[in-house]
Each structure stands twice: as structure tokens, then as C-alpha cells.
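See below for the structure under consideration.
Just so it is clear, none of the values below were taken in a lab; they were calculated from the coordinates. Predicted, not measured: the structure shown is a model, and the values here were computed from it. Glycine gets a Cβ as well: all are built from the backbone with ideal geometry, and neighbour counts include every protein chain shown.
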Amino acid sequence: MIRVGIVGLGYWGPNLVRCFSEFDNCKVTAVCDQSRDQLLRIKSRYPGVIPVENFSTLLDRDLVDAVVIATPTATHFELASKALAHDLHVFVEKPLSKSTAECEKLVALAAERNRVLFVGHVFLHSAPVQKLRELILAGELGNLTYISSRRLNLGPVRKDVSALYDLAPHDISMMLYLLGQQPEKVTCTGLAHLNPAIHDVCNLTMHFKGNKMGMIHVSWLDPHKERLLTVVGDKKMAVYDDLAQEKIKVYDKGIDTPPPSSDFAEFQISYRYGGSFCPWVQEKEPLKAECADFIRCICEGDIPHTDGVNGYQVTAVLEAAHVSLLSGGHPVQLQPMRLLGETTNDKDAAAQTKAVIK
Ligand SMILES: NC(=O)c1ccc[n+]([C@@H]2O[C@H](COP(=O)([O-])OP(=O)(O)OC[C@H]3O[C@@H](n4cnc5c(N)ncnc54)[C@H](O)[C@@H]3O)[C@@H](O)[C@H]2O)c1
């Protein structure tokens, strides 16, 4: 039985407490938050858990085998490294950290201590995203051209990180997963309206090998809630609307071009307006699937798909995008980089990146 401690009981943490409390192979033994009110709120709902105000107390009292960190992003590195140093398995909410340097250290520490380092890229555990990946791998959409996404709402406004760091990790993780590669270059522009130091609206463009592109529009200053991702292939196109009943819709639409010809008059494009269909997608709660995968990886000694390296890859894009954002939208190149030591879990080192402004 894996003993789990959950740290950070604000907006998101209670969802994690609920999910981990529903499994047979683990038990939420302790919860931790600096706020006594949050602790009392959870304690009243889950009387069996031990509430702890101080994270170091949680570690020192040998209450848990694994910790789940759902505190603000700026605290992730400190809490995760302390937990790994205590030989605990660690689940960190997205993004793993604000900097790739910190992600590298966490990946190295997890490898050194032989512990699972798991990152909360929850959409990689969602059935619609897995269905999209299935369609892409089966060649249903043809050669992918671009993916675009919109993650908009009125709030919740963050005080510690921009909309880029708060919202875009979801879309970045999905696009890297669906395209199966890291971008070579990113550009990002945005607007800081409510607080001059924090961008409320961001537009991120990622350029991938093979003339592919990923575009992400995130905002917490929008009247309309949208969670939309469009995948355009040269054969078919698919739309994932996370707010719709039927989440994936595949369109047999496209534009066909004849082979290149020297005779300009012969060049004619034809538009294809075929039908559309909604493939069956198994209903499951992504967060619960994600929590179950963390426990499974601990029990089976498996490497999670959303491991520290995956967390590093998403942070590498955020870091580069942030540099671009502050430069007013200049392109920022992501350089291939090897992680320290034997920490990469046999993943392609070329897929790991570091931001360099061009
Ligand atoms: N996967 C998702 O869809 C999703 C959704 C929302 C938030 N998140 C992530 O969850 C994390 C938390 O977000 P939130 O919206 O719940 O934030 P929040 O501000 O509502 O809650 C954070 C909580 O952490 C506590 N805290 C802060 N520092 C602490 C420390 N050192 N020790 C103990 N407790 C501490 C605070 O008292 C607060 O209760 C962030 O990383 C965020 O990106 C993920």
C-alpha cells in the first residue's frame, strides 16, 4: 500500500486528494498546506488524513512514500528536491519548474535516488488526446501540417506566473506528444494588462522540423471559455473541443494540389468538402487516470510517459517562449542538449532542448 501525502490544498489540490483517495493500492495518509483553513477543510471531508502545516514535518515524520505537489509553480523545485532527497516518489503539478536548470537537477536527483518523478501533464492521460494520437499514427489525417489551440476564459488570474506558464503547458505538452518532436524555434508575443509584470494574454508559435507549426493562444482575459485544439493534416483534419459532448470530430476536408508543374496555367487547386464523423472515445476522468498511472509506475518500477524529461521538454519551450515574449516576439532557437548523467531514461537526447536567443 503506497502512502501518499498531498501538498497544496488550494484550488487544485483537493481534486488530487479525491482521486488518490479512491484507489485500493494507495492511501492518502497526510495532507500539507501552509494555510490552516485549507487543512481543516480537507480534514473535515477526509477525517483519516493527518494534517501538517510544515512540509519538512511531513518528510521528517515518515508519514508517506510519495508526495504530490500542487503548490504554486515557484515552490515546485524546492519542495520536489527536498522530497526526492528523502527518497520519496514525487508527482509535481505542471509545469515541473520555471527553469530548465531546475528541471535538470530534479531529473538527476530522481535518477540518483531511483525514484519516480512524475509531472502533471494531465491531458496526456485524456482519452480524446490518446484518440487523436491513435488517428495520427494510423495515418488517418495524413501528413500533419499544423496544430492550433485556444485556451481562453475569464480568470482565474494568477499572481505568480503569466498565462503562458499557467495555461500553455497543457497545449505544449499535447502538441509535443501529437507531433512526436520538440520545436526547433519559438516566438511569443503577449499583453500584460492587469499587472505590468504578468502577461494575461499570450500567442506562442512553435516551429517544428518538416515545415510543421504549432500555434497556441492563451488568455484569462476573455469573455468566452474555449478549450479547442485543431489538428490539420493533408488528408483529414480533426478538432478536439474539450467542452463539447462529442470531443473529437474528424473532417474529411482539405485542399489538393497537382504535382509541381512548369506550366503555371496547369496549376489548379481543388477543395475537398467531405463529411465528418465523431470517433468513439472512452469516457474516463483524465486526472484519475493520471493519478492511477503515478501509483502504477511506483508499484511496477516503470518510467512514466510524463516523467521528469517530459517535464523538462515542456519547460524548455516555456523558457524559450518567455525570452521571446520579453524581447517583443523575437524568434528563440531551442538547442539540442543532453541532460546530466544517466538521467534521460533512454529518450532521444536530441529531443531535449535549451533556449538560445537568435
Ligand atoms: N492540471 C491542471 O489542470 C491544473 C489546474 C489548476 C492548477 N494546476 C497546478 O496546480 C498547482 C497549484 O495551483 P492552484 O490553482 O491549486 O494554486 P492555489 O494558489 O489555489 O493553491 C496553492 C496552495 O498551496 C499552498 N502552499 C503554497 N506554498 C506552500 C508550501 N511551501 N507548503 C505547503 N503549502 C503551500 C497555499 O497555501 C495554497 O493553499 C500549480 O502548479 C498549477 O499549475 C493544475
**Request:** Going by C-beta contacts inside 10 Å, put H86, H330, H125, H224 in order with the fewest on the left.
**Result:** H224, H330, H86, H125
**Fill in**
For the chain, any Cys whose C-beta has no other cysteine C-beta under 4.7 angstrom counts as unpaired, and these are C26, C32, C103, C188, C202, C278, C297, C299
**Message:** Going through the cross-link list K159/K288; K94/K284; K98/K249, which pairs have a Cα-Cα distance over 23 Å in this structure?
**Reply:** K159/K288; K98/K249
**Request:** Kindly work out what percent of the DSSP beta bridges joining two residues of the chain are antiparallel, to the nearest 5.
**Result:** 65 percent
**Asked** How much of the DSSP beta bridge set in region 68-226 is antiparallel, as a percent to the nearest 5?
**Response** 60 percent
**Prompt:** Per residue of the chain, what 222 nm ellipticity follows from adding -39500 (n - 2.57) for every DSSP H run with n ≥ 4, rounded to the nearest 500?
**Reply:** -10000 deg cm²/dmol
**Item:** Amide H contacts of K94 (H built 1.01 Å from N, under 5 Å, at least 5 apart or other chain)
**Value:** G120
**Request:** Would you please put 184-196, 63-75, 243-255, 109-121 in order of how densely packed they are, using the mean number of other Cβ atoms within 10 angstrom per residue and starting with the highest?
**Result:** 109-121, 63-75, 184-196, 243-255
**Complete:** Sequence order, region 312-324: Karplus ³J(HN,Hα) from phi using 6.51 cos²θ - 1.76 cosθ + 1.60, θ = phi - 60°, Hz rounded, Gly and Pro as x, gives 4, 4, 5, 5, 4, 5, 4, 5, 5, 5, 5, 4, 5
**Request:** Please state the charge dipole magnitude for the chain, taken about the Cα centre, from unit charges on C-beta atoms (+1 on K and R, -1 on D and E), reported in debye and rounded to the nearest 20.
**Result:** 440 debye
